[in-house]
Amino acid sequence: MSDPMRIRAQAAGGNATIRVLMSHEMESGQRKDGNGKIIPAWHIQDVTASLNGKPVMTAEWGPAVSKNPFLQFTIKGAKAGDKVAITWKDNRGESRTDEAAVT
Amino acid sequence: MSCLNSQATAMMCPRGMTARIQIALTVTLFAWAGAAMAQKSSADSIAEYRTMLQDGNPADLFEAKGEDLWKQKRGPKNASLEQCDLGKGPGVVKGAWVELPRYFADTGRVQDMESRLLTCMQTLQGFNAEALAKTPFGKDEQNNVTAIATWISAESKGMTFNLSQSHVEERKMYEVGKRLFYLRGGSHDFACATCHAQDDKRIRLQDLPNLTKQPGAANGFGAWPAYRVSNGQMWGMQLRLNDCYRQQRFPYPLFGSEATIALGVYMGVNGKGGDATAPAIKR
Amino acid sequence: MNRIDALIVAVATTLLAACSTPMPSGAELDKLTQDILARSFRAEGQAKLERISPDEDNRLCAESDQTGVALDAKVAQAIEARNMATIQPPKDGKFLGDWKQGEAIAQSGAGKTWTDKEGSVNGGNCYNCHQISQEELSYGTLGPSLYNYGKLRGVANPNSVESKPIVEYTWGKLHNARAYNACSNMPRFGHKGILTEVQIQHVMALLLDPASPVNK
C-alpha cells in the first residue's frame, strides 16, 4: 500500500493552483545494483486530475521523472469548495487516488 | 538586436536615429546583457535551483507519515507516542525540537531528538531501544524513527534555537562536543573543524557552514532532518553525523551515542537565536 | 533554631547543591571526552577503532585549533621534524609520472571509508579542497589554488638542478604535509598509506609537468 499524496489546492483570481507531491520510487530501469544487475523499472505511467469528478488533465510519465515527483498545474474556473482528485497508475499496475478540497 | 534591420526591435529604436547612435545603443545593450550573464556564477545558479526546489519538498511526505505514526497505537504495548515527553512535558511537541538536546531527569542524561524518541518508543510502546539503535538507516523501524523525527522538527519550524545550559550535564556535554568537534582522527587526520570552522569555505561546490558560531551554526544544525534530492532519502541529524564520520574515514558512530549527542549540544548552543528551518531540502 | 528556619536552611542547601555541582576541570573534561569517544564508535568495514586511538600530535593541533593559540615554536618544530623523518625519496628515482593519471587521482574521492573495500584503489580527493586545472570548475576553497603551480615557481624543466628544491618540497608535501606545517589540514597521503608512490608520482606530474594543463 503506497503512501498518500500531499495535495494543496488554492483558489485565486478565478483559477486554482494545484500542487501535488507523490510518494513513489520512480525507478528508471537503467540503474544497476551492487552486483551489476539492472534494477527493474518501477515508475508512474499515467496521471489524471479531475475537478468534481470531471477529468481536467492527463499526463503520461516515463523514466525521466524523478523519485517522489512534484506536480504543479492550474485549473481554470475552479473555486473554493471544489473537489480535486489525483490518480496515478504505474507500470506494475498499481494505482492510487487522493482527494483534496480547493481552499 | 541590431536597430539597423530588425522588425522586432523597431519599438526599441526610435525613428530618425543615426546609424552611429544605433550601433552605440546596440553595443551598450549587448555589453549590459553580457555583464548580467557573467554575474550569474555557479553559486548563483545553484542557489536559484535550490529556491525552485523549496516548493514541493518531499520532506512533506515524511512529515505526514511521522504525524500519523506519532498518533498510531503501535508496538508490544499497543500505545501511541502522544504521552512522549520531549522536554516540555508529556505530549508537548510544538517548540520541543529547538530546545534539544537537553537533560532529562528520568533517564539521567542529555539526549537529542532521535535518542529521546527511542526512549519514548521503548517506555510507551514497548519497543527495544537498543534493537532500534542497531537497526541500519533506511531499514524497518529506522524509517519510522526518521519520519517521526521529521514531523517533530516541523512542529518547531520558524522558531528560534534556545537550548538550555542550566544543568551541569548540559554544560559538560557542550565542552565534550567542542573537544570532539576539533578532534582529528582517521586516516586523513580530519576533524569536524577541518571543514566547518571557517567562514566562506566550500568543498567542491558545496558551501560549508561555520558551525562554531552564528549564523553558520543554526544554518547547519537547524536544517536537519532534510530531504536529500541526490539520493532521494530523508536524513536526520544522526545520519548526517554518521555520513560525516564516514567521509572523515573514522570508524562507525553508534546511533544515539554520547559523541553524537555532544556534537548536537555544541552546534545547537552555538546556534542560539537562529531560525529552525527543518525539515529542509538539500542537493 | 526553630523548625521553619531549619526547613529554610534545608531547602536552600539542596538548591545550592543542585546549582553549584561543580563543572569538571579542563583535564577532567579531556578525559571524559576520550571515554565518550571510546564508547561511541565501533569498527565497520576497513575502518577499525585504532583510527581514533589517541595521537599526541593530533591532540596538540586540535587544542591549538580550538583555543586559537598557536603552538609553541619548539613544539611545532618537533612535530615537523617527526613528520619530515617519514619522507622517503622515490624508490625508482623518478619524481614525476603521468599527469593524465594525476588528474584522475585528483578527481577521485574513493577509498578508506567503511563502504570502500579494503585494498581498493584510493583517490587523492584533491579537488575537494583545491583549484587545480583551469577547466575544472567544481573545486573547493579549503586549500589554496594550485593552478599554474609549476609555472609560478619557474619550473620549466622538472629534471633540472634549479627545480630540485621545488620538486623535493612538492614530493615531501604530498607525502606528509605536516613536515612543513605542523598543524596542516592536508591529509598525509604517503605516510598514512592513502596514495601509493606511483600515484604520488602522477600527482607530481599534474602539478609540475610543463605539459600538464595546470601549467598552461
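Backbone geometry of region C:200-206 corresponds, through the Karplus equation with coefficients 6.51, -1.76 and 1.60 at θ = phi - 60°, to 3J(HN,Hα) couplings of 5, 4, 5, 5, 4, 5, 4 Hz, x marking Gly and Pro.
Where the eigenvalues come from the Cα gyration tensor of chain B, what are the semi-axes √(5λ) of the equivalent ellipsoid, largest first, in whole Å? Show your work: numbers first, answer last.
Values: eigenvalues 463, 102, 56 Å².
Semi-axis lengths for chain B are 48, 23, 17 Å.
Coupling constants for region A:31-45 follow from the phi torsions by the Karplus curve (6.51 cos²θ - 1.76 cosθ + 1.60, θ = phi - 60°), and in residue order they are 7, 10, 7, x, 8, x, 8, 5, 7, x, 4, 8, 8, 5, 10 Hz; glycine and proline get x. Rg then Dmax, both in Å and based on the Cα atoms of region C:63-216: 15.8, 44. Of B:PRO253, B:PRO76, B:PRO58, the residue with the greatest mean-square motion in the GNM of chain B, using alpha carbon springs below 10 Å, is B:PRO76. Highest mobility in the GNM of chain C, judged by mean-square fluctuation with C-alpha springs under 10 Å and restricted to C:THR21, C:THR196, C:THR170, is found for C:THR21. Out of all Cα-Cα pairs in the protein assembly as shown, roughly what percent, to the nearest whole number, are more than 33 Å apart? For the protein assembly as shown, the share of Cα pairs beyond 33 Å comes to 58 percent.
Once every Cα of region B:138-178 carries one equal point scatterer and solvent is ignored, give the base-10 log of I(q)/I(0) from the Debye formula at q = 0.22, 0.27 Å⁻¹, two decimals. Results for region B:138-178 at q = 0.22, 0.27 Å⁻¹ read -0.81, -0.81. Gaussian network model of chain C, Cα springs within a sub-10 Å range: biggest mean-square fluctuation belongs to which of C:GLY140, C:GLY150, C:GLY119? Comparing C:GLY140, C:GLY150, C:GLY119 in the GNM, the peak value goes to C:GLY119.
Relative to the Cα centre, the charge distribution of the protein assembly as shown, modelled as +1 at Lys and Arg Cβ and -1 at Asp and Glu Cβ, gives a dipole magnitude of about 780 debye.
Suppose a student asked you for the relative contact order of region C:99-215, using Cα pairs under 8 Å spaced at least 6 residues apart; what percent would you report? Don't skip to the end; give the middle numbers.
On the way: 193 pairs, mean separation 37.1, N = 117.
32 percent.
Packing here is the average count of other Cβ atoms within 10 Å per residue, and on that basis the peptides B:263-272, C:108-117, C:184-193, highest first, run B:263-272, C:184-193, C:108-117.
Here are some pairs, A:LYS54/A:LYS83; B:LYS178/B:LYS213; C:LYS48/C:LYS192; B:LYS157/B:LYS282; A:LYS37/C:LYS48; A:LYS79/B:LYS157; which of them have Cα atoms lying more than 20 Å apart in this structure? Among A:LYS54/A:LYS83; B:LYS178/B:LYS213; C:LYS48/C:LYS192; B:LYS157/B:LYS282; A:LYS37/C:LYS48; A:LYS79/B:LYS157, the Cα-Cα distance tops 20 Å for A:LYS37/C:LYS48; A:LYS79/B:LYS157. Over all Cα atoms in region A:6-101, the spread is summed up by Rg and Dmax: 15.5, 54 Å.
Identify the GluC sites (Glu not before Pro) of region B:80-186 meeting these criteria: DSSP loop state and at most 14 other C-beta atoms within 10 Å of the C-beta.
Working: sites: B:GLU82, B:GLU99, B:GLU114, B:GLU130, B:GLU141, B:GLU155, B:GLU169, B:GLU170, B:GLU175; in loops: B:GLU82, B:GLU155.
Here the sparse-neighbourhood loop sites are B:GLU82.
Across peptide A:3-10, the mean count of Cβ atoms from other chains lying within 10 Å of each residue's own Cβ comes to 3.
Taking every C-alpha pair closer than 8 Å and separated by at least 6 residues, the mean separation divided by the residue count of chain C gives a relative contact order of 24 percent. The angle between the Cα long axis of helix C:26-40 and the main principal axis of chain C comes to about 70°, on a 0 to 90 degree scale. Across peptide C:30-41, the average count of Cβ atoms from other chains found within 10 Å of a residue's Cβ is 6.
The H on the amide N of B:ARG102, modeled in the peptide plane, is under 5 Å from the matching H of B:GLN111, each at least 5 residues off or on a different chain.
Read the figures in this text as sums done on the coordinates, not as results from a lab. Note that the structure is a prediction, hence the values are computed from the model and not measured. For neighbour counting, all protein chains shown are included, and Cβ atoms are generated from backbone atoms with ideal geometry for every residue, glycine included.
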